Each structure stands twice: as structure tokens, then as C-alpha cells.
Amino acid sequence: WYAMAEASEEVHIQASFYTEIERISVQNTPFSLPFSATREDLTQLINQLLTGDENEHGTKLDFDFLINGTLLNKTLGQLIESLQILTETVVQIEYIERSPPPSLDNEFPHNDWVSAVHCNDKYILTGSYDNIIQISTHDGELITKCHGHEQAVTSVAWLPESCDSHMFVSSSHDQHAHIWKFDGATGEIKLLYVCKGHSRIIEAITVSPDGEKFCSGGWDKHLKI
């Protein structure tokens, strides 16, 4: 790192590192860092500091870096300039362990755009622009599906478990909200109520914590309970 900094004629800044995670903390010592430094460069530096401190980490860690709460995703200089930070100041750079990207575990296929997803402790409820509502297990097994509405499904929501974990509400472009009963033993979905009143598409629904009411919001600029 130092060899790279000495050989470069580019602008440098004074910066120090800090973290809220005690087990990977390093000394708050200022460093001269080139404007061209990237996340990978700073990660290498932090790993060198941890190794030099005889830290317990046997493998290299990956880090993300933030300045004033803004994530470093280009070069250090570009971020400094975008934040309009004076190069004469010592810049405080926060670092956190970088989370690995999520990996695909299961899929819940529909024939059109999936517009709504809601989970409870047992099931995953999905709605789609193919007008279909599906219920699957957390392992990705499809339990049942039904023709939920005459037009695209826009939102779905389980009722709280304190009421009945197998009841849910759905909304649609057809301007209706439906209340359903799902039988986990048989896989049957039964339509209980059709709620009308919006004059345009219902975009979203949510259920109250006690499960006694639900609220719908539509393109007609109305909220209905």
C-alpha cells in the first residue's frame, strides 16, 4: 500500500478508519490514501492491519466502507468530491463486514409479473398479474392456487396469527378486495367476502394488528377501511 502511495503523483487525503464492531476494530490512526483507492484497496489495508495486530481472523474478510453514511462504490476520490469534503480535513471512514449476495433457494413461478408477496410462519402467499393467487410452503412446495380476481392481483396480506393465520385479503385491478379462507389440511381456498367501493384500481392493502379491519388504497385517491 505504501509503495503504491509513494509511486503515485495523484492527490492523497488523510483518513482514519472506525467501526462499531469491536472484534474487527483497528487503531484510529490517520493514513494517506490516494484518490484512486477503491473498496478492494481499503479492504486489503484493513486486513493487513488486522493481521499485523495478530487478530484472531485466520482468513481475509471483505468490507464495505461509508463516509458520512454514503457507501463507497466507486473510487475514494469520486465519493469525496460528490460529498464536497475538503481534502485538508482528516476523513472518517466507517467500515463494516460485507454481506455475501443472496443465493437462490427456491422459486415460485407465475405466468406473469409477481406483484405481491406476504409470508406468515407457515406459508408464502403470492399474487400475480396472471390473476392467480398461490400458496406455497417455505421450502418452495406449491400447495394450491386459485383464480383470485378478474384482473391482475396487486396486493395480498395474511391476517395476524392471533386471529386466524389461514385467512388473507387480496386486491386487484378489478377494483375489488377479497377476503379468503385457506384450509391448510385440504389445500382448499374459499372466497368469503367481496369488498367493493373503489372506482379505480386498488393498489395496496394492509391489515390492522388485531385483524379486525383492513385498509385499501386505490388509484381513485381514496383510502377505505
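The values are calculated or read from the model by the stated rules, or taken from the named source; none is laboratory data. None of the values given here were measured: they were computed from a predicted structure. Because the Cβ atoms are built from the backbone with ideal geometry, glycine has one as well, and the counts that use them run over all protein chains shown. For accessibility, only protein heavy atoms count, side chains too; no ligands or nucleic acids. Shrake-Rupley method; radii C 1.70, N 1.55, O 1.52, S 1.80 Å.
β-branched (Val, Ile, Thr) and surrounded by 15 or more Cβ atoms within 10 Å (Cβ to Cβ) - does that describe any residue in region 190-200?
Checking region 190-200: not a single residue is β-branched (Val, Ile, Thr) and surrounded by 15 or more Cβ atoms within 10 Å (Cβ to Cβ).
Test Gly211 against the stated conditions and say whether it is part of a loop (DSSP other than H, G, I, E, B) and closer than 19 Å to Ile143 by Cα.
No.
For region 136-143, does any single residue satisfy the condition of being more than 16 Å from Ser216 (Cβ to Cβ) and surrounded by 19 or more Cβ atoms within 10 Å (Cβ to Cβ)?
Yes, some residue in region 136-143 is more than 16 Å from Ser216 (Cβ to Cβ) and surrounded by 19 or more Cβ atoms within 10 Å (Cβ to Cβ).
What are the residues in region 21-38 that are open to solvent by 30 Å² or more (accessible area, probe 1.4 Å) and in a helix (DSSP H, G or I), if any?
Within region 21-38, Glu22, Arg23 qualify.
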